[in-house]
């Protein structure tokens, strides 16, 4: 099974200066991916930086991530999965954030496990395998 890394993990790792390789050691058989949605969230953080120094630091981190983790684009399978998930959650009155619903749909459509710091939100998605890295 592959792993989709949520931006919440990467943001926490950048803030705490954690090394991602420690978490993937021994799991080399599992492919890592990043959703284009998470890429946008990370780049959004670069644009919101309040000083040139913070912007440069964030940009270096984000570009390093983008260069090292393959991006998972939104395809028709993900769109179908998202539409079903959106409908199912709405019927149950359990909506999650729009970006998070696309990320969850990506995992469901492609059989990926989601690594996130946001287990409360993603835990509402039936069938989604969620793992938290602390």
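What to note about this one:
- If the condition is being touching a helix residue (DSSP H, G or I) at 6+ places or on another chain (Cβ under 6 Å), more than 16 Å from residue 119 (Cα to Cα) and not in a helix (DSSP H, G or I), then the stretch 63-108 contributes 71, 72, 73.
- If the condition is being in contact with a strand residue (DSSP E or B) (Cβ under 7 Å, 6 or more places away or on another chain), over 22 Å from residue 29 (Cα atoms) and at pLDDT below 95, then the stretch 86-134 contributes 119, 123.
- Taking the criterion of being assigned to a loop (DSSP other than H, G, I, E, B), out of contact with any strand residue (DSSP E or B) (no Cβ under 9 Å at 6 or more places or on another chain) and at pLDDT below 80, the residues of the stretch 14-38 that qualify are 17, 18, 19, 25, 26, 28.
- Pick from the stretch 103-114, criterion in contact (Cβ under 8 Å) with a residue 40 or more places away in the chain and surrounded by 23 or more Cβ atoms within 10 Å (Cβ to Cβ), ranking: farthest from the chain's Cα centre (by Cα): 112
- For the stretch 1-38, filtering for residues that are surrounded by 12 or more Cβ atoms within 10 Å (Cβ to Cβ) and without any contact (Cβ under 8 Å) to a residue 24 or more places away in the chain leaves 4.
- Hey, residue 41 outside any loop (DSSP other than H, G, I, E, B), closer than 17 Å to residue 114 by Cα and in contact (Cβ under 8 Å) with a residue 12 or more places away in the chain or not: yes
The values are calculated or read from the model by the stated rules, or taken from the named source; none is laboratory data. Predicted, not measured: the structure shown is a model, and the values here were computed from it. Positions of Cβ are generated from backbone atoms using ideal geometry, with glycine treated the same way; all protein chains shown enter the neighbour counts.
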